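One structure is given here, and the rest of the page talks about it.
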Amino acid sequence: FSEISVKDINELAKSSFPLCMRHLFEKLREDHHLKHGGRMQLGLFLKMHAAINLLDIFVLDTVRDWILGHQFPWYTVWGVGLKLDDALLFWKAEFSQKVGAERFDKEYAYSIRHNYGREGKRTDYTPYSCQKIISSTPGVGDHHGCPYRHFSEENLRAALSKMGVNSRGVEDVMDKVQNRHYQLACTLTFEAVHGSSCDSGINHPNQYFSDSQKILQ
Ligand code: SF4
């Protein structure tokens, strides 16, 4: 299990976030604000699930490694590894530049605690899968969704170049997008950016992150 702190997010976004999360992160930095759909998609991706936190504290390393060695796709639950206190710091640092610290505390902190299961029904929500993100319907001013499905061709080409995908790679990705194979397009991007194959294909943003970290560490 990994735990990250606010200062790690910049580097991790550049090296290991899939395009959907890089885009949200960049927009948050630019606008110091994200609408509800974006806050949910990025916030759940970044979080550390409370159960994982408890397992990390109370379970012996050997037992933990045994659990991890089994085929359950843990990335669908655990998130990138940002604990609640750090998540509040992270969101507040951006939002307070736009709406002020007081309004952040009144209007936005609740929903972040809610995502971590500390408010309302106390459900510890898990990060969204690609399928859920691809089938979402972002409106005007929204930045959530899957760029391979929801970006214009021009914006997607520019975003891929910015990630370091070469022109041949961009054409291969666009070919998948035109055939509506969005997750295959994301898999090709992963392979181009990491110079390494991804045989299982991308089916979850947190899998993208976790596979990337395995290659880079
Ligand atoms: Fe994100 Fe999945 Fe779309 Fe890739 S395919 S950008 S991980 S939603």
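Projected over all directions and averaged, the alpha-carbon convex hull of region 95-139 occupies 4.5 nm².
In units of the rule-of-thumb radius 2.2 N^0.38 Å, region 111-212 shows an alpha carbon radius of gyration of 1.21. Residues of region 23-41 falling in the label zone of residue 140, defined by backbone nitrogen less than 12 Å from a point 7 Å along Cα to beta-carbon, are absent. Relative to the Cα centre, the charge distribution of the chain, modelled as +1 at Lys and Arg Cβ and -1 at Asp and Glu Cβ, gives a dipole magnitude of about 500 debye.
For the listed residue pairs 47/92; 14/121; 92/214; 83/106, the alpha carbons are over 26 angstrom apart in 14/121; 92/214. Just so you know, the Cα atoms of region 94-171 work out to an Rg and Dmax of 17.3, 49 Å.
Using the Cα coordinates of the chain, the gyration tensor eigenvalues translate into equivalent-ellipsoid semi-axes of 27, 23, 15 Å, sorted from longest to shortest.
Each value in this text was obtained by applying a stated rule to the coordinates, not by laboratory testing. Keep in mind that this is a model prediction, so the values were computed, not measured. In this analysis, Cβ positions are derived from the backbone assuming ideal geometry, glycine residues included, and neighbour counts consider all displayed protein chains.
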